[in-house]
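K.L.:
Dumping the structure here so I can ask a few things about it.
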Amino acid sequence: MKKGTILFIIIFCSVHFAFGQLTAPKYSNEFLNIGVGSRALGMFNVQAATVGDVTAGYWNPAGLLKIQSKYELAGMHAEYFAGMSKYDYLGAAVRLDSNSVLAINAIRFGTDEIPNTLNLFDGQGNNTPNYNNISYFSSADYAFLVSFARTNNLLPGLNLGATLKVIHRTVGPFGNAWGFGLDAGAQYVRKNWQFGLMARDVTGTYNAWSFNTALFEKTFCPDRQ
């Protein structure tokens, strides 16, 4: 095997390994990676430079300045896992003036009608289940995105935008979490060229959880009550 071929293989494997390390998946707030809008999903989420509608609040807030009308609305519904989980999106944008646009987007990814069988047995030594004690709850993730975009007058063709993200997660009566994050984006048009840059989670997006421990103690440790 030629030395040039061997060197190419070594470089390729090194770059592939480094890329794999940089793109290690994270599973907190993973629902935010699904995407919104049929056009974007049909283009394999390639949107940073080209997006120009209300969904830009999700993909790249700088793209909101491409909206031509005063107001713009968008919605989307999808189902996963044979319909057990629902994914819903609703967005609205308003042009404030010729140089700025404001948008609000909301996303919900949830599974409803989950059986709660904690009280299936009475806890008094009776092993006969009481199916009337089964209740149901939902586990859902919510994201509320507030975006603002403005033209940069110092460099013609450059648009800037930012998105404030508010995350709310619920697991029935057992626990819930709140989180906050910030995205920033830019688009630059030069003749027939379009460039886009999207920085997600500039500040990091963290979840602060709180749990209903009293509910579990009442169910599993009744002697502590």
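K.L.:
Need the failing condition index for Asn119 against (1) free of Cβ contacts under 8 Å to residues at least 60 places away in the same chain; (2) out of contact with any strand residue (DSSP E or B) (no Cβ under 7 Å at 6 or more places or on another chain), just the number.
P.N.:
Result: Asn119 fails condition (1) only.
K.L.:
Another question, if that's okay. Just name the residue that is surrounded by the most Cβ atoms within 10 Å (Cβ to Cβ) out of those in the range 127-161 that are under 15 Å from the mean Cα position of the chain (by Cα) and under 24 Å from Met198 (Cα atoms).
P.N.:
Start the filter on the range 127-161 by keeping residues that are under 15 Å from the mean Cα position of the chain (by Cα), which leaves 140-147.
Among the residues that remain, those that are also under 24 Å from Met198 (Cα atoms) are: 141-147.
Numbers: Asp141: 22, Tyr142: 17, Ala143: 22, Phe144: 14, Leu145: 22, Val146: 15, Ser147: 27.
Only one residue tops the list, namely Ser147.
K.L.:
In the range 152-197, how many are free of Cβ contacts under 8 Å to residues at least 12 places away in the same chain and assigned to a strand (DSSP E or B)?
P.N.:
So the count comes out to 1.
K.L.:
To continue, here is another question. On the basis of being within 25 Å of Trp209 (Cα to Cα) and assigned to a loop (DSSP other than H, G, I, E, B), does Leu118 make the cut?
P.N.:
Details: within 25 Å of Trp209 (Cα to Cα): yes; assigned to a loop (DSSP other than H, G, I, E, B): yes.
Yes.
K.L.:
Is there a residue in the range 98-116 that is small (Gly, Ala, Ser) and within 17 Å of Leu41 (Cβ to Cβ)?
P.N.:
no
K.L.:
Output the number of residues of the range 34-83 satisfying the condition of being over 19 Å from Phe148 (Cα atoms), part of a loop (DSSP other than H, G, I, E, B) and touching a strand residue (DSSP E or B) at 6+ places or on another chain (Cβ under 6 Å).
P.N.:
The qualifying residues number 0.
Since every read-out is calculated from the coordinates, none of them should be taken as a lab result. Bear in mind the structure is a predicted one, so any value in this text is a computation, not a measurement. All Cβ positions, glycine included, derive from the backbone under ideal geometry; neighbour counts span all protein chains shown.
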